[in-house]
Amino acid sequence: MKVILLDTLTLETKKVDDINTFNWHEHNWSCDCNRMSYFTDEEDDSNTCLGCHRYLVIAAEHFISNPEYANLDYPATVKELNEGYPDDLLKKFGLI
């Protein structure tokens, strides 16, 4: 899957095309913990989830990045890829 991420504090965006849909939707990249890594070199060693507060997927394009794991790449809406994020944040950036 190809996505564009938005840092809602700085309004900086990043294009990412190497993470499958499953990870954006419901696994490691579904919250700020790993999404943050595209915007900073800082690492969070607290072992506490950062939650869903800052980094939004604002655009997504489905494609199979690795045929071996095709079952992990499936179509998903931007709303689905930001499932844990507050509706008011999604509304602020026109995502719902």
Counting only residues that are part of a helix (DSSP H, G or I), under 21 Å from E12 (Cβ atoms), of a type in the set (A, V, I, L, M) and free of Cβ contacts under 8 Å to residues at least 60 places away in the same chain, how many does segment 63-96 have? 2
Among the residues of segment 34-47, count how many are within 15 Å of V16 (Cβ to Cβ) and either of a type in the set (G, A, S) or surrounded by 14 or more Cβ atoms within 10 Å (Cβ to Cβ) (or both). 6
Within segment 51-82, residues within 16 Å of L6 (Cα to Cα), surrounded by fewer than 17 Cβ atoms within 10 Å (Cβ to Cβ) and touching a His at 6+ places or on another chain (Cβ under 7 Å) come out as E80
Qualifying strands (runs of 3 or more DSSP E) (wholly inside segment 1-62; at least 3 residues being under 10 Å from the mean Cα position of the chain (by Cα) and in contact (Cβ under 8 Å) with a residue 40 or more places away in the chain): 2-7, 55-61
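Where a number appears in this text, it was derived from the coordinates with a stated rule and is not lab data. What you see is a predicted model, and the numbers here were worked out from it, not measured in a lab. No Cβ is skipped: glycine too gets one built from the backbone with ideal geometry, and neighbour counts run over all protein chains shown.
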